[in-house]
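Reviewing the structure listed below.
The values are calculated or read from the model by the stated rules, or taken from the named source; none is laboratory data. These numbers come from a predicted model, not from an experiment. All Cβ positions, even for glycine, are placed from backbone atoms using ideal geometry, and neighbour counts span all protein chains on display. Just the protein is used for accessible areas: all its heavy atoms, side chains included, with ligands, DNA and RNA removed. Shrake-Rupley method; radii C 1.70, N 1.55, O 1.52, S 1.80 Å.
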Amino acid sequence: MKKISGLLELVEIQSTPASIFPVLMGLFYAIYRYNAFNIVNTILFFIGAVWFHMAVNVNDNYQDLIHANKSNVKEFTNGTNDPIGKHHLDKSNVKKLLIFMLLFFVVIGIILVIRTGIPLLIMGIICFLIGYFYAAGPRPISTTPFGELFSGIAMGLMIFMIGVYVNVFTLVKVDWNFIYPIIFSSLLPICYIANMMLANNICDIDEDLKLHRKTICFYIGKINSLHLYTFLNILGFVGIVISVILRYLPVLTLFTLLAIPVVYKNNKKFYKRQDKDLDFGMSVQNLLLTTALQTLTMGIGILI
């Protein structure tokens with residue numbers, strides 16, 4: 001049981017809804033706009049997306065293990081503070097697990113590319129590169145001003161878009177006319193996933209400054225970072241309204257706006273205090289609540 005528990009903590013199983021909801025949103029979008037549903041492709045992509053999400057978490061933890069003895073840089077795994085005791089993990093076993101998970105993901109990806117087409121290969125490569133280099137390489141994306149942007153794009157936009165494409169690949173051409181409605185429709189998960197990363201960096205801004213980690217907070221300061229955090233919270237809801245007005249999403253998706261009071265309350269608290277242990281969880285709550293509501297209302301909307 002301890003091994004299973006340790007494995008679940010290593011892959012950070014509790015964070016998987018962040019990828020599950022965009023997959024379902026993509027499916028519901030495909031059904032609503034194109035009346036298309038490919039059950040085999042959807043199942044394969046669902047498995048692949050969740051599997052890769054966990055592989056990225058394992059890679060984040062593996063990179064922390066590699067650098068643990070080289071510096072005193074903070075541990076970062078999707079905003080948590082070393083929940084699995086990474087310093088006590090066996091690097092060799094974690095590396096083997098990571099290789100296995102990546103190979104399994106590649107196999108699923110190849111199958112889907114064969115079933116759909118080259119556009120999926122391009123989208124998959126983009127996700128793979130962002131996922132791997134988010135924590136790896138000489139300058140991980142998470143230590144640059146672009147961590148929030150790339151995480152929002154990879155998890156909020158690309159997963160949503162691939163979820164659409166695997167169902168409608170015979171009906172569409174992947175051009176701007178296909179992409180821009182998806183951008184508006186996925187703006188909420190893009191913003192709230194980015195905000196989860198931003199909240200993490202705001203909480204750690206003082207430590208990052210000492211360690212010369214130049215995240216976006218380094219360049220714009222804590223106050224402007226908090227303003228950006230609020231702006232992204234609002235922008236996510238604006239995306240819902242625009243998408244409904246333009247008929248990209250079902251009208252019932254507007255019920256996602258019911259989350260506004262909770263988001264406002266959490267936002268107000270976060271402005272007053274940015275303690276990692278006490279306050280970071282509010283950004284996670286915002287993400288799960290808003291994306292769950294959008295997914296649910298989209299699903300109900302296509303039934304009415």
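Could you give the nm distance between label points at GLN14 and LEU149, where each point is 7 Å from its Cα heading toward the beta carbon?
Going by the 7 Å Cα→Cβ label model, 3.2 nm.
Calculate the dipole size of the chain relative to its Cα centre from +1 charges on Lys and Arg beta carbons and -1 charges on Asp and Glu beta carbons; express the result in debye to the nearest 20.
With Lys and Arg at +1 and Asp and Glu at -1, about 100 debye.
Could you calculate the contour length gain from LEU235 to PHE255, that is, 0.36 nm times the residue separation minus the distance between their Cα atoms, to one decimal place in nm?
Gain on extension, LEU235 to PHE255, equals 5.6 nm.
Could you check the simple spin-label distance between PHE133 and LEU103, using points 7 Å along Cα→Cβ, in nm with one decimal?
Between PHE133 and LEU103, the simple spin-label model gives 2.5 nm.
Considering only protein heavy atoms, with the full assembly of protein chains and a 1.4 angstrom probe, order TYR29, TYR62, TYR132, TYR219 by accessible area, largest first.
Descending accessible area places them as TYR219, TYR132, TYR62, TYR29.
Only residues of the stretch 121-151 count here: report those whose backbone N is under 13 Å from the spot 7 Å along Cα→Cβ of LYS173, or say none.
none
Taking loop as defined by DSSP and a crowding limit of 14 other beta carbons within 10 Å, which trypsin sites (Lys or Arg not before Pro) in the stretch 186-231 fit?
Filter output for the stretch 186-231: LYS214.
Quote the charge dipole size of the stretch 136-288 about the Cα centre in Debye, to the nearest 20; the model charges only the Cβ of Lys and Arg (+1) and of Asp and Glu (-1).
Numbers: 13 positive and 9 negative charges, 42 e Å.
Result for the stretch 136-288 is approximately 200 debye, rounded to the nearest 20.
With runs of 4+ DSSP H residues as the only contributors, calculate the mean residue ellipticity of the chain at 222 nm using -39,500 (n - 2.57) per run, divided by the residue total and rounded to the nearest 500.
-23000 deg cm²/dmol
I'd like the Karplus ³J(HN,Hα) series for the stretch 229-237: coefficients 6.51, -1.76, 1.60, θ = phi - 60°, whole numbers in Hz, and an x wherever there's a Gly or Pro.
3J(HN,Hα) across the stretch 229-237, in whole Hz: 4, 5, 4, 5, 4, 5, 4, x, 6.
Working out 0.36 nm times the residue gap between ASP206 and TYR264, then minus their Cα-Cα distance, what length gain in nm do you get to one decimal?
18.4 nm
Share of the stretch 78-226's accessible area from carbon and sulfur, percent, 1.4 Å?
70
Mind checking which aspartates and glutamates have their C-alpha under 20 Å from LYS222, skipping anything on the same chain fewer than 8 residues away?
Cross-link targets: GLU148, ASP204, ASP206, GLU207, ASP208, ASP275, ASP277, ASP279.
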